[in-house]
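Throughout, read-outs are computed from the coordinates displayed, never taken from laboratory work. Just so you know, these numbers come straight off a predicted model, no measurement behind them. Backbone-built Cβ (ideal geometry, glycine too); neighbour counts: all protein chains shown.
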Amino acid sequence: MGRIIAIANQKGGVGKTTTSINLAAALAEKGKKVLVIDTDPQGNTTSGFGLDKNELENTIYELMIGECSVDEAIHKDVVEDLNGLDIIPSNVNLAAVEIELIDADQKEYILKEAIAEVKDNYDFIIIDCPPSLSMLTINSMTTASTVLVPIQCEYYALEGLGQLVHTVNLVKERLNPELEMEGVVFTMFDARTNLSLQVVENVKEHIEENVYKTIIPRNIRLAEAPSYGLPINLYEPKSAGAEAYRLLADEVIARKF
Ligand SMILES: Nc1ncnc2c1ncn2[C@@H]1O[C@H](COP(=O)(O)OP(=O)(O)O)[C@@H](O)[C@H]1O
Ligand SMILES: [Mg+2]
């Protein structure tokens with residue numbers, strides 16, 4: 001069975017979506033079969049792969065409320081030139097799901113149930129979470145085998161991390177005993193400032209979780225790629241950002257649970 005990785009941090013703008021897109025693409029480039037699930041109503045992962053999020057008939061929303069099958073929700077081989085990278089997209093409709101499913105049975109497990117029949121078709125499933133600890137993030141964590149936390153190299157990096165780790169532990173205790181911490185990955189590292197380095201050192205001192213050796217640099221190409229609907233390894237294959245996500249993919253593959 002493959003690994004299901006939830007990319008989570010309730011802070012916005014820390015690199016969850018950038019990591020979801022580019023880690024998934026780097027894994028696919030290495031021959032892995034990958035499914036990306038966008039669970040953020042902002043749909044940035046969806047548009048980052050070149051889909052027009054407002055023109056989609058079947059998304060994670062239709063899947064979660066039972067209006068389409070999982071096969072209908074999956075968009076296969078979403079990027080040309082990259083085999084084996086599928087996506088369940090999202091758009092703003094998903095914002096209503098929490099209210100619509102408020103009385104649903106087992107509402108913490110809706111996503112898990114919804115993808116159960118396809119999950120063994122993939123080596124990795126990458127779930128991009130919204131910037132909250134909402135029902136959607138809980139659904140991602142009950143579906144996942146591990147949680148990967150991107151941490152932005154900025155002054156308030158540690159803020160909220162304790163709460164996130166606490167949530168992961170609660171989900172593990174009560175909803176998904178299999179859940180493990182994949183670890184943290186530093187993002188937007190700026191080699192020109194001391195601050196980035198200090199943040200990395202400080203966070204390492206304060207956490208017990210696995211820290212990935214690969215540090216994602218701040219790289220303008222990573223910020224540009226989504227507007228072309230391409231992951232970095234296709235948009236600018238030799239950029240520092242592309243190389244970093246390849247190294248991260250190697251580490252993720254090597255890490256066994
Ligand atoms: N390593 C990076 N270098 C440069 N820009 C980045 C990098 N990672 C993310 N960004 C940019 O920072 C912003 C927030 O990143 P994003 O991945 O959308 O975060 P989140 O999903 O956590 O909200 C986006 O505009 C993105 O393009
Ligand atoms: Mg995001």
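With a cut-off of at most 14 other beta carbons within 10 Å, and DSSP calling the residue loop, which GluC sites (Glu not before Pro) in region 29-66 qualify? Please list them. Of the GluC sites (Glu not before Pro), the ones in loops of region 29-66 whose Cβ has at most 14 other Cβ atoms within 10 Å are 57. Of all DSSP bridge pairs formed entirely within the chain, close to 5 percent run antiparallel. Of the trypsin sites (Lys or Arg not before Pro) found in region 203-235, the ones in coil according to DSSP and having at most 13 other Cβ atoms within 10 Å of their Cβ are 213. With all projection directions averaged, the alpha carbon convex hull of the chain covers 12.5 nm². Taking Cα centre as origin and charging only the Cβ of basic (Lys, Arg, +1) and acidic (Asp, Glu, -1) residues, the dipole magnitude of the chain rounds to 960 debye. Normalised by the number of residues in region 148-187, the average gap of Cα pairs under 8 Å and 6 or more apart makes the relative contact order 68 percent.
For region 131-234, chymotrypsin sites (Phe, Trp or Tyr not before Pro) meeting the loop criterion (DSSP other than H, G, I, E, B) and having at most 15 other Cβ atoms within 10 Å: 155, 156.
Dividing the alpha-carbon radius of gyration of region 49-92 by the rule-of-thumb value 2.2 N^0.38 Å gives 1.13.
Across the chain, Cα pairs under 8 Å and at least six residues apart give a relative contact order of 26 percent. The residues packed around residue 190, meaning those with a beta-carbon under 14 Å from its beta-carbon, carry a net charge of +1 if Lys and Arg are +1 and Asp and Glu are -1. As a ratio to 2.2 N^0.38 Å, the alpha-carbon radius of gyration computed for region 5-119 takes the value 1.03. Lys/Arg Cβ at +1, Asp/Glu Cβ at -1, dipole of region 149-257 taken about the Cα centre: which of 257, 160, 227 is farthest positive-ward? The one lying farthest along the dipole's positive direction is 227. Across region 176-189, computed HN-Hα scalar couplings (Karplus, 6.51 cos²θ - 1.76 cosθ + 1.60, θ = phi - 60°) run 8, x, 7, 5, 10, 7, 5, x, 10, 10, 7, 10, 6, 6 Hz from first to last residue, x flagging Gly and Pro. Look at the Cα gyration tensor of region 194-247: its axes a ≥ b ≥ c give a/c of at least 1.5 with a/b over b/c, and that counts as prolate.
Taking amide H as placed 1.01 Å from N in the peptide plane, residue 68 has its amide H under 5 Å from the amide H of 63, each at least 5 places away in sequence or on another chain. When Rg and the Kirkwood Rh are both derived from Cα coordinates, the Rg/Rh ratio for region 54-138 amounts to 0.95. Phi-derived couplings, Karplus 6.51 cos²θ - 1.76 cosθ + 1.60 at θ = phi - 60°, listed residue by residue for region 226-232: x, 6, 9, x, 10, x, 4 Hz, with x used for Gly and Pro.
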